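Structure record follows, encoded as structure tokens.
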Amino acid sequence: SQTIHQWPATLVQPVGSPLSLECTVEGTSNPNLYWYRQAAGRGLQLLFYSVGIGQISSEVPQNLSASRPQDRQFILSSKKLLLSDSGFYLCAWSVRRSTDTQYFGPGTRLTVL
Amino acid sequence: DQQVKQNSPSLSVQEGRISILNCDYTNSMFDYFLWYKKYPAEGPTFLISISSIKDKNEDGRFTVFLNKSAKHLSLHIVPSQPGDSAVYFCAASANSGNTPLVFGKGTRLSVIA
């Protein structure tokens with residue numbers, strides 16, 4: 001069966017510090033991968049999605065970036081965090097070229113102080 | 001421009017009664033619709049989906065209805081249970097898997113014992 005992992009589960013970082021969140025998927029090949037953010041009291045905002053290694057689509061302009069160095073690994077990064085980057089970050093995967101059902105990881109709660 | 005709208009941010013229902021969560025969409029190209037359930041500090045979990053070729057899909061206590069002419073879908077939960085208390089997200093996709101899901105902002109359901 002497929003499993004999606006995210007770490008860390010919680011993170012407190014000072015403004016201006018770098019960020020690296022990692023997501024890995026097990027039990028499937030060539031997945032679509034997604035990064036979402038849920039800010040306090042708001043819905044799910046799609047940040048990035050990837051249909052393959054090295055292929056990243058950005059949905060919103062911001063100081064975050066994403067990379068996919070391996071088929072089942074998706075990384076969310078920032079060189080300098082802003083207060084507004086605080087939120088709940090979710091990684092998700094779906095089967096490529098099939099139904100769009102996405103399966104989410106447990107999430108990372110990021111607090112920028 | 002919000003393509004998927006959940007106009008009720010919250011809903012309270014008594015245990016045993018029916019919960020009806022609503023979702024409207026504007027993009028006539030959407031052909032696949034999903035509902036996700038999210039508990040605090042956890043990733044959303046897939047609940048139920050419906051393709052645009054159907055107008056109803058049922059899975060246990062959960063039924064999703066699709067009215068394409070009105071661009072409206074709803075999730076019915078019968079009977080509602082306290083464990084159903086969560087945020088419910090409606091999502092839609094166009095072009096069968098080649099574009100990312102578009103999520104609504106969610107409706108917080110509280111089932112009161």
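Every number here is computed from the coordinates shown, using simple stated rules; none is lab data. Computed from a prediction, not measured in an experiment: that's the story for all the values here. In this analysis, Cβ positions are derived from the backbone assuming ideal geometry, glycine residues included, and neighbour counts consider all displayed protein chains.
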Tell me, what is the percent relative contact order of chain A, built from C-alpha pairs under 8 Å that lie six or more residues apart?
35
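Rounded to a whole number, what is D in µm²/s for chain B from Stokes-Einstein with the Kirkwood radius over alpha-carbon pairs (25 °C, 0.890 mPa s)? Show your work: numbers first, answer last.
Numbers: Rh = 14.0 Å.
D = 175 µm²/s.
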Over all distinct alpha-carbon pairs, what is the Kirkwood Rh of chain A in angstrom?
14.0
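Return the average number of partner chain Cβ atoms within 10 angstrom of each residue Cβ along peptide B:2-9. Working shown, then result.
On the way: counts 1, 0, 1, 0, 1, 0, 0, 2.
For this peptide, the per-residue mean of nearby foreign Cβ atoms is 1.
I'd like to know how the protein assembly as shown sits against the 2.2 N^0.38 Å rule of thumb: what's its Cα Rg over that expected value? Please list the in-between numbers first.
Details: Rg = 17.6 Å, N = 226, 2.2 N^0.38 = 17.3 Å.
Scaled against compact globular proteins, the figure is 1.02.
With +1 assigned to the C-beta of every Lys and Arg and -1 to the C-beta of every Asp and Glu, and no other charges, what is the dipole magnitude of the protein assembly as shown about the Cα centre in debye, to the nearest 20?
Working: 20 positive and 15 negative charges, 51 e Å.
About 240 debye.
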Using a simple charge model, +1 on the beta-carbon of Lys and Arg, -1 on the beta-carbon of Asp and Glu, nothing else, what dipole does chain B show about its Cα centre, in debye to the nearest 20?
120
Work from the charge dipole of chain A (Cβ charges, +1 for Lys and Arg, -1 for Asp and Glu, about the Cα centre) and give the residue of A:W35, A:Q70, A:W93 farthest towards its positive end.
A:W35
Checking rank on A:15-23, B:7-15, B:86-94, with mean other Cβ inside 10 Å and highest first, the result is B:86-94, A:15-23, B:7-15
Can you compute the charge dipole magnitude of region A:38-113 about its Cα centre, using +1 on each Lys and Arg Cβ and -1 on each Asp and Glu Cβ, nothing else charged? Give it in debye, rounded to the nearest 20.
100
Tell me, what is the FRET efficiency for B:K68 and B:A41 to the nearest 0.05, using R0 = 41 angstrom and their Cβ-Cβ distance as r?
0.70
Quote to one decimal, in nm, the extra length available between A:L83 and A:H5 on full extension: 0.36 nm per residue of separation minus the C-alpha distance between them.
25.5 nm
Among B:K37/B:K68; A:K80/B:K38; A:K79/B:K37; B:K5/B:K38, the pairs whose Cα-Cα distance exceeds 25 Å are A:K80/B:K38; A:K79/B:K37
